[in-house]
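Notes follow the structure.
The values are calculated or read from the model by the stated rules, or taken from the named source; none is laboratory data. Here the structure is a predicted model, which means the values were calculated and not measured. Counting neighbours? That spans all protein chains shown, and the Cβs are built from the backbone with ideal geometry, glycine included. Heads up: the accessible areas ignore ligands, DNA and RNA and are worked out on the full protein's heavy atoms, side chains in. Shrake-Rupley method; radii C 1.70, N 1.55, O 1.52, S 1.80 Å.
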Amino acid sequence: MFQEKTSANHLNVVTTSTEDGAFQKKAHSARILSPEEAERLENDRVLVSEFKQLKLEKEAQKNWDLFYKRNSTNFFKDRHWTTREFQELKAFREFADQKLTILEAGCGVGNCLFPLLEDDLNIFAYACDFSPRAVEYVKKNALYSTERCKVFQCDLTKDDLLENIPADSVDVVTLIFVLSAIHPEKMHLVLKNIYKVLKPGKCVLFRDYGLYDHAMLRFKSGSKLGENFYVRQDGTRSYFFTEEFLSQLFKSEGYEQVVNEYVQRETVNRKEDLRVPRVFLQSKFQKPFRGTGKTKSIYR
């Protein structure tokens, strides 16, 4: 069995307890590598060939569809932690029982979507995913209801969200472990697309892989596509974010930063005496009100 506990010390760290009794640390400084880890990353300089990289980009949807074919709905655990980490999922209301409209961009098979719908009867959710197979799994879920949810297939880098969602109509967008699967050169297209359907003054809730996460350190030589960008054996890809890169990415598309910090945890397998460092980036970026040039922050 695995359980979580706090990771190594960092400056400007806030330590919080989670619902499972574990602890996590939030900080603005990246995780410090061991000398062995630093040497391994330094020596991993060979990039996947340009031909293979183009093939991976072309077949990205097929590779994710095959991922869901192999794993069905069993790979990811349901994410019951979202309302704990993102209070906006409960707080973006001016009065009791007010309907909250959310967009889950990159919904997978609904591991985040359905816990939210179960927990809050006053949520209406738009949900989309790159994989047609994942979308079908969502539609077949016993909890799926067209009265409370609209799910559709979408390539966020090129399919216009306005074809399924009215402009300026969404209170909250969740972007959870999604952007890392997209080529860094196309990430801005996702944020531009989301911007059109998000209400002014509302925000994107982001959580994804951070620099030096254990998953990054596990890649073998020959898996590197570019700086902090890797390919798995099944052809799916993963980018590992720095705080600076993400901040610049959102700001370049007109968002204003509310929170942007590393979340550091340690997975412990007591039976095998293994300690695995997990690093995520957890952030909130807000769409400014029109004509002001500034965001009227809802956090003050």
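Summary of values
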{"read-out": "Surface share of carbon and sulfur [accessible, 1.4 angstrom probe, percent] for the stretch 132-261", "value": "45"}
{"read-out": "Difference of contour (0.36 nm per residue) and Cα-Cα distance, Asp155 to Val46", "value": "36.3 nm"}
{"read-out": "Estimated FRET transfer efficiency (Ser145, Arg290; beta-carbon r; R0 41 Å; 0.05)", "value": "0.75"}
{"read-out": "Rounded to the nearest 10 Å², the accessible area of His214 at probe 1.4 Å", "value": "50"}
{"read-out": "Gain on full stretching of the segment that runs from Gln61 to Glu118 - 0.36 nm per residue minus C-alpha separation", "value": "17.6 nm"}
{"read-out": "Full-stretch length increase - Leu189, Val259 - with 0.36 nm per residue and alpha-carbon distance subtracted", "value": "23.1 nm"}
{"read-out": "Proximal aspartates and glutamates relative to Lys196, as straight alpha-carbon distance under 13 Å, when same-chain residues fewer than 8 apart are discounted", "value": "Asp159, Asp160, Glu163, Asp168, Asp171, Glu253"}
{"read-out": "Average accessible surface area per residue within the stretch 148-300, 1.4 Å rolling probe, Å²", "value": "43"}
{"read-out": "Which listed pairs, of Lys140/Lys287; Lys150/Lys199; Lys25/Lys199, have C-alpha distances above 29 Å, in listed order", "value": "Lys140/Lys287; Lys25/Lys199"}
